[in-house]
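Chemist: Below is the structure I would like to discuss, written out as structure tokens.
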Amino acid sequence: MIVATDISLSYEKDKNIIENTNFHIKDKEFIIISGSSGSGKSTLLKSIYGNLAVNNGSLAVNGVDITKKKYQKTLDLRKQMGIIFQDYKLIQDYTIEENIAAPLRIRNYDEEIINKQVSNLLKHVRLSHKSKAYPNQLSGGEQQRVSVARALGHNPKIILADEPTGNLDEYSASIVWKLLQNANEQLGITVLAVTHKLPQNLELDYRQFNIDEGVMYEVS
Amino acid sequence: MKYLKSLIAFVFPLIMMLSSFSIYLLVNKLVDNYKDGVASDYSIIVIAKEPIVDINKLSSISFQKIDKINRDDIIDEVKDALSESSLDMLNEQLPYFYQLYLTEFPTNSELQDIKNELKSNDTVSGVEIFESEHTKLYSLLVLTKDIVTVLFIIVLASSFLMLLQQIRIWFFEYSEKISILQLLGASLVYSTKSIVSIILVSILISLVTVFTLMFVIIANFSLVSQPELLSIMPNVQDMSFESIQIIILAIIIPAIAFTALIIKHRINNNV
């Protein structure tokens, strides 16, 4: 699914945040990447969804080499992904159902299918009663559930979650982890979550990596 | 309210640009129509020492037709006042006269060039170009046309900059939405759909305003122009071709501004 070979990542020349890192993430795995703030977790995720070019080495997602950023390749790749952000990144002038429908509309789904899918997703994240609300009318936990629903809507092959519970209380965080667990176990979606707060009170079968001083290693 | 304000900020320069373009087209049409009308009445008299048999000698000049003026008619008009010997001499000495109808009504300088061209011909002994009132009026209209052209170019350039600025503001206002949609897999063009829809609404409003103004002015031309001018103005009621040109300009200029900013956005954001 994701194969990184000796990759180095940086925002400025000669100041690598991630250095000579290798990893291999298989299909349908649940991966958690942990590390302290500023360790490069989100940077790594950015390179996987094509927002940051790889300096050295090679990075392939789903068999596609994305080492060099290519506009169309990046768009095609993102269409196979669902991305969840710490700050939710919901579109403020869209209602909740429009936000969830956005990835489906981008992929030209039929309106009938979109309505059905959005309705199912709203039920799944228990927000059917707020379908016409706007993001600023929802709590942080609710917004993150919308974000998860949006990421799941188009049946992605992989979900990338960047600090999905970073802004949430323990109860809301556990709901979000549960939703991600269901996506992985029931729908067979590969989940790659970056977090500094590991899921609590959850029987989750995951593989953990840690990033420290620019080097990523697997935690046994 | 904010939406309305930004809409006006875009619609206003667009209306200014389209109005000046309408005036430019209208003046051009009036001048061209007037020019065509005058060209069919206007002719140059060419005086030749011998008959012009080979018409190709005048090939450098673009003319519709050349009419020979009958010498006998000229002699008939004066023969009663002349003696037999004078009449014989006149018959012998009288040159050949031709009326040259040009394909287009020339400007003053073009007319001088034609005159010089004709005079350089060995058989031609004289040329009368009749620099009449028509020529003076035509010069005035051409001057008006040039002034309107310059004004149109100035308005076009300043309007383009204003449109560019407003689209740039929209790009800034919608930057978060654009980046989120791109993260969801949308192309840059799809992500900027909100901006495109405002531009389209603005174009529609501007076109309706400009067409309404234009047709009101044309229908009431007598109210906005001098009576002396009305008599020389040809019919300009049919503005269908000009209307198409206005629609094309209304679409092309915002499209160029939008495309330029899309390219800039792609370069700046490295997408």
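The values are calculated or read from the model by the stated rules, or taken from the named source; none is laboratory data. Because the structure is predicted, anything quoted here is derived from the model rather than measured. Cβ: placed from backbone, ideal geometry, glycine included. Neighbour counts: every protein chain shown.
Chemist: If the Cβ limit is 8 Å and pairs must be 6+ apart or interchain, which residue in segment A:46-73 that is away from chain B (no Cβ under 12 Å) pairs with which residue that is surrounded by fewer than 14 Cβ atoms within 10 Å (Cβ to Cβ)?
Modeler: A:VAL54/A:LYS68; A:ASN56/A:ASP6; A:GLY57/A:ASP6; A:SER58/A:ASP6; A:SER58/A:ASP65; A:LEU59/A:ASP65
Chemist: From the list B:LEU163, B:LEU200, B:LEU156, B:LEU207, pick out the single residue that is within 30 Å of the chain's Cα centre (by Cα) and either surrounded by 22 or more Cβ atoms within 10 Å (Cβ to Cβ) or not in a helix (DSSP H, G or I) (or both). Working first, answer last.
Modeler: Details: B:LEU200 fails: either surrounded by 22 or more Cβ atoms within 10 Å (Cβ to Cβ) or not in a helix (DSSP H, G or I) (or both); B:LEU156 fails: either surrounded by 22 or more Cβ atoms within 10 Å (Cβ to Cβ) or not in a helix (DSSP H, G or I) (or both); B:LEU207 fails: either surrounded by 22 or more Cβ atoms within 10 Å (Cβ to Cβ) or not in a helix (DSSP H, G or I) (or both).
Checking each option against the conditions leaves just B:LEU163.
Chemist: Answer yes or no as to whether A:GLY82 is outside any helix (DSSP H, G or I) and either on the phi > 0 side of the Ramachandran plot or among the polar types (S, T, N, Q) (or both).
Modeler: Working: outside any helix (DSSP H, G or I): yes; either on the phi > 0 side of the Ramachandran plot or among the polar types (S, T, N, Q) (or both): no.
For A:GLY82, the condition - outside any helix (DSSP H, G or I) and either on the phi > 0 side of the Ramachandran plot or among the polar types (S, T, N, Q) (or both) - is not met.
Chemist: So, in segment A:44-74, of the ones that are within 13 Å of the chain's Cα centre (by Cα) and among the hydroxyl-bearing types (Ser, Thr, Tyr), which residue ends up surrounded by the fewest Cβ atoms within 10 Å (Cβ to Cβ)?
Modeler: Checked segment A:44-74; the qualifying residue surrounded by the fewest Cβ atoms within 10 Å (Cβ to Cβ) is A:TYR49.
Chemist: May I pose another question? Checking the conditions here, which among A:LEU138, A:LEU121, A:LEU187 is modelled with pLDDT of 85 or more, of a type in the set (A, V, I, L, M) and buried (at least 22 other Cβ atoms within 10 Å of the Cβ)?
Modeler: Numbers: A:LEU138 fails: buried (at least 22 other Cβ atoms within 10 Å of the Cβ); A:LEU187 fails: buried (at least 22 other Cβ atoms within 10 Å of the Cβ).
That would be A:LEU121, the only listed residue that is modelled with pLDDT of 85 or more, of a type in the set (A, V, I, L, M) and buried (at least 22 other Cβ atoms within 10 Å of the Cβ).
Chemist: Have a look at A:ALA173, A:ALA161, A:ALA193 and point out the one that is touching a residue at least 24 places away in the same chain (Cβ under 8 Å), surrounded by 20 or more Cβ atoms within 10 Å (Cβ to Cβ) and farther than 27 Å from A:GLU19 by Cα. Quick ask: steps written out before the conclusion?
Modeler: Values: A:ALA161 fails: farther than 27 Å from A:GLU19 by Cα; A:ALA193 fails: farther than 27 Å from A:GLU19 by Cα.
Residue meeting the stated conditions: A:ALA173.
Chemist: Let me ask something additional. Which residue is nearest to B:TYR190 (Cα to Cα), if the candidates are limited to segment A:130-141 and must be part of a helix (DSSP H, G or I) and touching a residue at least 24 places away in the same chain (Cβ under 8 Å)?
Modeler: Taking segment A:130-141 and keeping what is part of a helix (DSSP H, G or I), we get A:130, A:135-137, A:140-141.
Imposing the further condition that a residue be touching a residue at least 24 places away in the same chain (Cβ under 8 Å) reduces the set to A:130, A:135-136, A:140-141.
Working: A:LYS130: 27, A:PRO135: 22, A:ASN136: 24, A:GLY140: 28, A:GLY141: 29 Å.
Here the answer is A:PRO135.
For (1) more than 19 Å from B:ALA39 (Cβ to Cβ); (2) in the same structural domain as B:ILE23 (by TED's automatic domain parsing); (3) surrounded by fewer than 17 Cβ atoms within 10 Å (Cβ to Cβ); (4) out of contact with any helix residue (DSSP H, G or I) (no Cβ under 8 Å at 6 or more places or on another chain), each residue gets a yes or a no:
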residue	(1), (2), (3), (4)
B:SER86	yes, no, yes, yes
B:MET89	yes, no, yes, yes
B:LEU94	yes, no, yes, no
B:ASN108	no, no, yes, no
B:GLN112	no, no, yes, yes
B:LEU118	no, no, no, no
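Chemist: Scan segment B:130-146 and tell me whether some residue there is modelled with pLDDT of 90 or more, more than 14 Å from chain A (Cβ to nearest Cβ) and out of contact with any Pro (no Cβ under 8 Å at 6 or more places or on another chain).
Modeler: Keep residues of segment B:130-146 that are modelled with pLDDT of 90 or more, which gives B:146.
Next cut, more than 14 Å from chain A (Cβ to nearest Cβ) only: B:146.
From what's left, out of contact with any Pro (no Cβ under 8 Å at 6 or more places or on another chain): B:146.
Yes, that holds for at least one residue.
Chemist: Another question, if that's okay. Assuming B:GLU176 fulfils every condition listed in (1) surrounded by 13 or more Cβ atoms within 10 Å (Cβ to Cβ); (2) within 14 Å of another protein chain (Cβ to nearest Cβ); (3) among the charged types (D, E, K, R) apart from one, which condition is it?
Modeler: (1)
Chemist: Considering B:ASP36, B:ASP73, which residue is surrounded by fewer than 18 Cβ atoms within 10 Å (Cβ to Cβ), touching a residue at least 24 places away in the same chain (Cβ under 8 Å) and of a type in the set (Asp, Glu)? Reasoning before the result, please.
Modeler: On the way: B:ASP73 fails: touching a residue at least 24 places away in the same chain (Cβ under 8 Å).
Residue meeting the stated conditions: B:ASP36.
Chemist: On to the next question. Scan segment B:139-151 and give yes if some residue there is in contact with a Leu (Cβ under 8 Å, 6 or more places away or on another chain), in the same structural domain as B:LEU200 (by TED's automatic domain parsing) and within 30 Å of B:PRO254 (Cα to Cα), otherwise no.
Modeler: Filtering segment B:139-151 for residues in contact with a Leu (Cβ under 8 Å, 6 or more places away or on another chain) gives B:141.
Retained after the next criterion (residues that are in the same structural domain as B:LEU200 (by TED's automatic domain parsing)): B:141.
Then drop every residue that is not within 30 Å of B:PRO254 (Cα to Cα), which leaves none.
Checked against the condition, which is being in contact with a Leu (Cβ under 8 Å, 6 or more places away or on another chain), in the same structural domain as B:LEU200 (by TED's automatic domain parsing) and within 30 Å of B:PRO254 (Cα to Cα), segment B:139-151 yields no hits at all.
Chemist: Please work out if A:ASN155 is modelled with pLDDT of 90 or more and out of contact with any helix residue (DSSP H, G or I) (no Cβ under 6 Å at 6 or more places or on another chain). I'd like the intermediate steps shown before the answer.
Modeler: On the way: modelled with pLDDT of 90 or more: no; out of contact with any helix residue (DSSP H, G or I) (no Cβ under 6 Å at 6 or more places or on another chain): yes.
No: the conditions fail for A:ASN155.
Chemist: Another question, if that's okay. Give the residues of segment A:94-129 that are in a helix (DSSP H, G or I), acidic (Asp, Glu) and more than 12 Å from chain B (Cβ to nearest Cβ), sorted by residue number. Before the answer, list the steps.
Modeler: Here is the first cut: in segment A:94-129, the residues in a helix (DSSP H, G or I) are A:96-106, A:111-124, A:128-129.
Now drop any that are not acidic (Asp, Glu), which leaves A:97-98, A:111-112.
Listed by number, the residues that qualify are A:GLU97, A:GLU111, A:GLU112.
Chemist: So, B:LYS49, is that one surrounded by 14 or more Cβ atoms within 10 Å (Cβ to Cβ) and charged (D, E, K, R) or not?
Modeler: no
Residues are listed down the side, and each one gets a yes or a no for (1) more than 16 Å from the chain's Cα centre (by Cα); (2) of a type in the set (A, V, I, L, M):
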residue: A:ARG105; (1), (2): yes, no
residue: A:VAL125; (1), (2): yes, yes
residue: A:SER139; (1), (2): yes, no
residue: A:VAL148; (1), (2): no, yes
residue: A:GLU163; (1), (2): no, no
residue: A:LYS178; (1), (2): no, no
residue: A:ALA183; (1), (2): no, yes
residue: A:THR190; (1), (2): no, no
residue: A:PRO199; (1), (2): no, no
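Chemist: For segment B:147-172, how many residues are touching a residue at least 12 places away in the same chain (Cβ under 8 Å) and of a type outside the set (Gly, Ala, Ser)? Walk me through how you get there before you give the answer.
Modeler: Kept after step one, since they are touching a residue at least 12 places away in the same chain (Cβ under 8 Å), are these residues of segment B:147-172: B:148-149, B:151-152, B:155-156, B:158-160, B:162-164, B:166-171.
Narrowing further to those that are of a type outside the set (Gly, Ala, Ser): B:148-149, B:151-152, B:155-156, B:160, B:162-164, B:166-171.
Looking only at that region, the number is 16.
Chemist: Based on what the data block shows, is B:SER187 without any contact (Cβ under 8 Å) to a residue 12 or more places away in the chain and over 30 Å from the mean Cα position of the chain (by Cα)?
Modeler: Values: without any contact (Cβ under 8 Å) to a residue 12 or more places away in the chain: yes; over 30 Å from the mean Cα position of the chain (by Cα): yes.
Against the criterion (without any contact (Cβ under 8 Å) to a residue 12 or more places away in the chain and over 30 Å from the mean Cα position of the chain (by Cα)), B:SER187 qualifies.
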